[in-house]
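The numbers here are math on the coordinates, done by the rules we state, and not lab data. Keep in mind that this is a model prediction, so the values were computed, not measured. Positions of Cβ are backbone-derived with ideal geometry, glycine not excepted, and every protein chain shown enters the neighbour counts.
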Amino acid sequence: MKKRLTYIDVINIIAIIFVLFIHSSWNYNNNALGIFDSIIRTIAVPAVFLFVMNSGATLLGYRDKYDTQVFFKKRFFRVMIPLIVWSIIYYLVDAVVKTPLPDVNFVHHDPSVENFFTSFFSGSINGAFWFFYCIIALYFITPVLSVLARNHKSVLFYLVVLDFLVNYIFIYLNTNWFHMNLSLYIFPIASTSYVGFFIMGYLIRVGYFDQKWLKITKWVALAALVISLVISLFIFKDLPASIMNLKENGGPLLFLYVIGIYLWIKDFVESHKVFVKQKFQNLLAKMASVSLGIYILHPFFLKLFMVVTKTTFDSWLDILVMPLFTYVVCGLVVYVIKKIPFMKDILP
């Protein structure tokens with residue numbers, strides 16, 4: 001029987017909790033709550049990147065288990081069917097609500113079949129569903145990357161370095177300093193679609209890096225987090241965009257922090273005996289199994305919380321309680337729904 005990687009489950013759990021905290025932290029007022037929101041978003045920003053790294057860790061070696069046809073079949077049922085079904089559901093909801101659900105961000109007051117397809121392919125039905133489009137793009141290149149994973153892991157790491165240098169150094173410098181009008185043709189195709197994180201998840205899993213490299217990376221990541229938190233404290237002090245963007249998507253501090261927190265969590269799980277206990281592993285596996293379902297359904301539960309508490313991202317309740325409420329209640333609902341025959345196909 002194949003051994004389950006407990007650290008993958010733990011990272012999945014942390015990632016979805018991070019998502020919920022980010023999606024509950026939209027207060028931009030110049031007050032204590034606004035600053036605290038900024039700090040929370042900085043800590044939780046690895047959220048979806050952790051999902052991407054886990055996907056790479058579990059999928060790039062698929063050729064050792066099944067062929068490419070089976071790979072695409074499994075991914076179709078895992079992602080494409082839920083994306084299509086829930087896009088239809090959210091589109092219908094968008095058509096009847098006066099204001100969009102939290103994190104959905106769209107309404108469609110003149111629904112039509114043509115408008116649905118236009119909205120679906122432009123990603124304007126549910127704002128949170130951008131992750132599905134990102135991961136599907138990565139699935140399309142996985143068969144190529146999986147060949148490299150067998151005998152050319154150094155080439156994979158080259159792609160990671162390329163991704164970092166292009167997307168997190170060069171583009172950051174150009175956006176914030178050089179302001180050159182660059183053609184898209186000059187960017188290597190390998191440096192798109194979060195491929196660096198996707199590959200890093202796999203390379204970390206198979207032990208590509210030596211202990212010295214891992215140790216240095218973890219401490220560099222910790223330094224990146226500290227710097228990012230300091231920047232967050234001054235969010236309302238009119239800092240230059242070049243400083244603020246260091247920690248944002250596309251900033252070098254973000255890349256380093258994401259890789260580092262992945263390593264910190266993995267090492268923590270593998271160095272504590274409690275994670276070896278079978279009952280605890282089973283519990284973590286069940287908790288991890290509802291993560292994608294929570295991601296799909298969480299806007300409904302954020303809305304429920306705000307209706308009950310009469311808040312709209314303007315209360316300490318939103319940032320401190322709403323994510324945990326949503327995780328527990330939505331998680332239980334997803335767990336029960338998945339017990340219904342055939343529901344796993346639309347709510348994985």
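At-a-glance table
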item	result
Separation of the residue 124 and residue 339 label points, Cα + 7 Å toward Cβ, nm	4.2 nm
Inverse of mean 1/r across different Cα pairs in segment 102-255, Kirkwood, Å	18.4 Å
Local net charge near residue 293, Cβ-Cβ under 14 Å (Lys/Arg +1, Asp/Glu -1)	+4
Charge tally in the Cβ shell below 13 Å around residue 280, where Lys, Arg are +1 and Asp, Glu are -1, residue 280 excluded	+4
Evaluated over the chain, the Cα radius of gyration and Dmax, each in Å	20.5, 58
Choice from 202, 168, 66 with maximal GNM fluctuation in the chain (Cα, 10 Å cutoff)	66
Net charge, residue 236 excluded, C-beta distance under 15 Å - Lys, Arg +1, Asp, Glu -1	0
Candidates 152, 298, 23: whichever shows maximal mean-square fluctuation once the chain is modelled as a Gaussian network with Cα springs under 10 Å	152
Average Cα contact separation per residue, the chain, under 8 Å, 6 or more apart, as relative contact order %	29 percent
